[in-house]
Amino acid sequence: IFSVQGDLSDSFNSNRPALIDASDNTAGVDLNVFDDVREVRFLSSQGEDDVNFFLGSSSLGITKITVTGQDGDGHYDLDANVVNVVLGNGDNVVHAGELFGDSPDDRTMDFATITVGNGKNVIDAIAFVGGTSAPNPSAEANVNEDTQSKIVITAGSGGNEINAWGDFVTVNTGTGNDEISATGRDIRINSNGGDDVVTIFGNNDDFQGSS
């Protein structure tokens, strides 16, 4: 295992994307990047990764995290205006979005796309609601013309535990006994079978939901 206990932010140019390629590592990596970096692009190892990337909002512009993974049991704690995650099979844990302070207005994540393979995945994605936290993020993210927060989660078969909170929320799962909780103004849940437990909450007078 390759492990760095401290913050790697000072190792990167804050105005350039930080590229971390651990794809040849077979045992896993433990890494931390906190603030002072606008963008992180992480290629996961072949083992069990444990990474913390907290970019929050930045005066440098829209912050973004991209994680591209292989098979394995990874643990990812991520926060930025835009979060994109693609992982292979395994029992993955993904926490995207953080609540800094005591108010939902302090959330910084606006858009998240999380795709994981088969396994008992645990996914939490908590976004800013009622607009976006960053100035005109949709221009760069190209996700939602209405500049409302959007979360799209796609998980394979095996029994997933998913919690999603945003303005527009879409959850797609394979077969297995999934536990899904979704909060938003527009919620769409597509499950391909299993004894699922689905809980939805509307956070807007124009709430729409389907499953």
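The values are calculated or read from the model by the stated rules, or taken from the named source; none is laboratory data. Quick caveat: nothing in here was measured; it's all calculated off a predicted structure. Every residue, glycine as well, gets a Cβ built from its backbone with ideal geometry; the counts of neighbours run over all protein chains shown. Remember, those area values only see protein heavy atoms, side chains included, never the ligands or the DNA or RNA. Shrake-Rupley method; radii C 1.70, N 1.55, O 1.52, S 1.80 Å.
Taking the options Leu55, Leu8, name whichever one is modelled with pLDDT under 90 and closer than 21 Å to Ile153 by Cβ.
On the way: Leu8 fails: closer than 21 Å to Ile153 by Cβ.
Going through Leu55, Leu8 in turn, just one is modelled with pLDDT under 90 and closer than 21 Å to Ile153 by Cβ: Leu55.
What are the residue pairs meeting all of these: first residue in the range 45-56, first residue touching a residue at least 12 places away in the same chain (Cβ under 8 Å), second residue assigned to a strand (DSSP E or B) and among the polar types (S, T, N, Q), Cβ atoms under 6 Å, and 6 or more apart or on different chains?
Every condition considered, the pairs that remain are Asn52/Asn32.
Return the pair list, or none, for Cβ contacts closer than 9 Å from residues in the range 158-186 that are free of Cβ contacts under 8 Å to residues at least 12 places away in the same chain to residues that are open to solvent by 30 Å² or more (accessible area, probe 1.4 Å) and among the aliphatic types (A, V, I, L, M), at least 6 apart or on different chains.
Close Cβ pairs (under 9 Å, with a partner that is open to solvent by 30 Å² or more (accessible area, probe 1.4 Å) and among the aliphatic types (A, V, I, L, M)) do not exist here.
Condition first: modelled with pLDDT of 70 or more, within 19 Å of Lys64 (Cα to Cα) and in contact with a Ser or Thr (Cβ under 7 Å, 6 or more places away or on another chain). Now tell me which residues in the range 99-128 satisfy that.
Correct list: Thr108, Asp110, Phe111, Thr115, Ala127, Phe128.
Applying the selection to the range 147-169, what residues are farther than 20 Å from Ala80 by Cβ and either of a type in the set (S, T, N, Q) or open to solvent by 10 Å² or more (accessible area, probe 1.4 Å) (or both)?
Gly156, Ser157, Gly158, Gly159, Asn160, Glu161
Among the hydrophobic types (A, V, I, L, M, F, W, C), open to solvent by 30 Å² or more (accessible area, probe 1.4 Å) and at pLDDT 95 or above - does that describe any residue in the range 131-146?
No: the range 131-146 contains no residue that is among the hydrophobic types (A, V, I, L, M, F, W, C), open to solvent by 30 Å² or more (accessible area, probe 1.4 Å) and at pLDDT 95 or above.
Between Asn32, Asn13, which is modelled with pLDDT under 75 and of a type in the set (S, T, N, Q)? Outline the logic, then answer.
Working: Asn32 fails: modelled with pLDDT under 75.
Matching residue, one of Asn32, Asn13: Asn13.
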